[in-house]
Amino acid sequence: MYAFIYNLSLVLAAPGGGESGFMHFYNQYFNIPGFEAWKFLNLAIFVALMAYFAKKPLTDAFKSKREQIRAELIKAEEEKQAALAKLTETEAKIAQLENEKDNILKNAREEAAYESKRLEEQTNIEANRLRKQSEADLTRLSKQSHAHLRRFSAEESIRLAEEKLRTQIDDGIDARLVRASIQEIGGVK
């Protein structure tokens with residue numbers, strides 16, 4: 001491109017070799033070291049051509065990307081709503097479980113109190129029954145012991161009386177007692 005502009009400027013320049021016309025204008029305004037306007041002109045043409053040729057594919061790509069992003073946003077919103085619904089459901093279940101746990105604990109405390117009271121009553125009843133049974137056993141054993149002691153006392157009294165009588169009765173008294181007993185019975189005739 002630069003070559004084209006340079007050749008064009010040579011053609012337009014004055015044939016005398018001096019600086020006149022376009023070359024003078026060019027050297028004064030465009031031939032600044034580092035400026036080189038032709039580079040900017042080249043860039044502008046390139047950008048314009050690229051924009052012209054890439055406009056339709058880029059527009060289509062941007063539209064499809066925009067639609068894809070929109071679809072992903074809609075999908076993300078739906079997933080968010082589903083997650084929120086599931087979270088609400090889970091929180092409701094947790095609250096229900098808390099209530100259920102409280103009810104179970106309350107019932108367990110009530111049952112424990114009832115069972116404790118029942119066991120206490122049953123223990124008291126059993127203790128009273130055992131007390132009465134032991135009193136009855138003690139009374140029975142006491143009566144048996146008294147009866148045994150009376151029997152022992154009677155036997156011992158009889159034994160002691162026999163011994164005393166044996167020591168006091170000799171053969172004469174014994175014969176007389178036997179005769180008296182026989183006569184009491186009806187005697188020997």
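The values are calculated or read from the model by the stated rules, or taken from the named source; none is laboratory data. Keep in mind that what you see is a predicted model, and the values were worked out from it rather than measured. Counting neighbours? That spans all protein chains shown, and the Cβs are built from the backbone with ideal geometry, glycine included. Quick note on the areas: whole protein, heavy atoms, side chains included, nothing else; ligands and nucleic acids left out. Shrake-Rupley method; radii C 1.70, N 1.55, O 1.52, S 1.80 Å.
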Query raised in the report: Taking the condition at pLDDT below 90, assigned to a helix (DSSP H, G or I) and not small (Gly, Ala, Ser), does THR59 pass?
Result: yes
Query raised in the report: Are any of the residues in region 49-57 aromatic (Phe, Trp, Tyr) and in contact with a Phe, Trp or Tyr (Cβ under 7 Å, 6 or more places away or on another chain)?
Result: no
Report task. Give the number of residues within region 136-179 that are at pLDDT 85 or above and either in contact with a helix residue (DSSP H, G or I) (Cβ under 7 Å, 6 or more places away or on another chain) or of a type in the set (A, V, I, L, M, F, W, C) (or both). Result -> 10
Requested in this report: Please specify each residue of region 133-167 satisfying the condition of being open to solvent by 90 Å² or more (accessible area, probe 1.4 Å) and among the β-branched types (Val, Ile, Thr).
Outcome: ILE158, THR167
